[in-house]
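Visitor: So that we are looking at the same thing, I have put the structure below in structure tokens.
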Amino acid sequence: MKPNYDESHLASFIKGLTSLTGLSERKVRKYVSENNLFNILEHMLQLNVIAVILLRIIYSIYWNTLALLSLISNNSIKLIY
């Protein structure tokens with residue numbers, strides 16, 4: 001069963017993904033309508049994404065993770081458990 005997503009969150013995610021990867025919004029929306037949204041990054045080859053785009057995604061995730069860890073280590077943000 002495919003989960004129901006809040007349309008504003010879905011649109012924001014798709015906009016970010018398409019701007020990061022260069023994929024067409026139509027192709028991403030079609031994939032999401034037929035599959036679980038959270039699987040999209042695991043199955044990028046179904047969207048005919050080439051290795052360069054996958055590397056851009058990994059690079060972006062890497063730098064965002066480093067930035068988050070930096071904020072945590074500088075006590076700029078607090079984690080709530």
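Only the coordinates and a few stated rules stand behind these numbers; no lab work does. Just so you know, these numbers come straight off a predicted model, no measurement behind them. All Cβ positions, even for glycine, are placed from backbone atoms using ideal geometry, and neighbour counts span all protein chains on display.
Visitor: Please sort 35-43, 17-25, 67-75 by packing, taking for each peptide the average over its residues of neighbouring beta carbons within 10 angstrom, highest first.
Guide: Sorting 35-43, 17-25, 67-75 by mean packing, highest first, produces 17-25, 35-43, 67-75.
Visitor: What does the extension gain come out to for Leu10 and Lys27, with contour length at 0.36 nm per residue minus their alpha carbon separation?
Guide: The Leu10-Lys27 span can extend by a further 4.7 nm.
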